[in-house]
Amino acid sequence: MQPIKTAFFSGTFNPVHSGHLILANYLCEYEGFDEIWISVTPQNPLREKLSCQADKHRIEMLRRAVTGNPKIKATDIEFSLPLPSYTIQTLDFLREQYPEREFTLVIGADNWLLFNRWKESERIIAEYRIVIYPRRSYEVDETALPPTVRYCHAPVIEISSTRIREGIASGKNMNYFVPQSVYDYITSHGLYQK
């Protein structure tokens, strides 16, 4: 029986926005994945830890954002693992818990260029598949990629969670930058306001 090809896309998602969802949809429809699991990271080792309250909001916004697309799943699986969140630990856990699935790590070109700083990066490359999506101003030499790593030509969507938070804080309407269900959640909870 063929494994279920599952892309694993982890990030801060503070908040999840339309660019994240366009990428996820592209990966399922054009890159051969059966499903994509989007995971809120509780603590990126290279970033500052957010509050528990912020974690709950990020998870709930992600759940709302992916409702309606059976190929895209929200997961908080990394919250059950030790902190900080190291990708190798998450991938090993997923492989053990879901042997019927073949997981592929999804990362941006910006992260690929510093991938050697990730914990056990060589083992990730040796034991798992990786798909890199484009980011503006980050060039990846496709001819130099290891056999387990491939570059996809997903559309480059220049939306950032930082800009959305800043826009909301300054009173701008950021309605179309995030799904309506997420925008309604942000508004009803007064998130990112000064």
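Every number here is computed from the coordinates shown, using simple stated rules; none is lab data. Being a predicted model, the structure only gives us computed values, none of them experimental. Note that we place each Cβ from the backbone using ideal geometry, even for glycine, and neighbour counts take in every protein chain shown.
Some values worked out for this structure:
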item: Cα-based reach from residue 73 at 17 Å (exclusive), listing lysines while leaving out same-chain residues under 8 positions away; result: 5, 56
item: Once the Cα gyration tensor of the chain is diagonalised, semi-axes √(5λ) in Å; result: 27, 18, 17
item: Centre separation in Å (Cα based) which lies between segment 102-154 and segment 55-96; result: 19 Å
item: Packing-based exposure ordering (other Cβ within 10 Å, fewest first) of 133, 128; result: 128, 133
item: For segment 4-158: relative contact order, % (alpha-carbon pairs under 8 angstrom, 6 or more apart); result: 24 percent
item: Charge dipole of the chain about the Cα centre (unit charges at C-beta), most positive-ward option of 13, 128, 23; result: 13
item: Choice from 165, 64, 117 showing the highest fluctuation, given a GNM over the chain with Cα pairs closer than 10 Å; result: 117
item: Degrees between helix 18-30 axis and first principal axis of the chain (Cα, 0 to 90, nearest 10); result: 30 degrees
item: Principal-axis tilt of helix 87-97 within the chain, Cα atoms, nearest 10 degrees; result: 70 degrees
item: Charge sum, other residues only, whose C-beta stays under 10 Å from residue 36's C-beta, Lys/Arg counted +1 and Asp/Glu -1; result: 0
item: For segment 127-194, the Rg and Dmax computed from alpha carbons only, in angstrom; result: 17.3, 48
item: Fewest-first ranking of 170, 181, using other Cβ atoms within 10 Å as the exposure measure; result: 170, 181
item: Ranking of 138, 86 by count of other Cβ atoms within 10 Å, fewest first; result: 138, 86
item: Between 0 and 90°, nearest 10: helix 52-66 axis offset from the chain longest Cα axis; result: 80 degrees
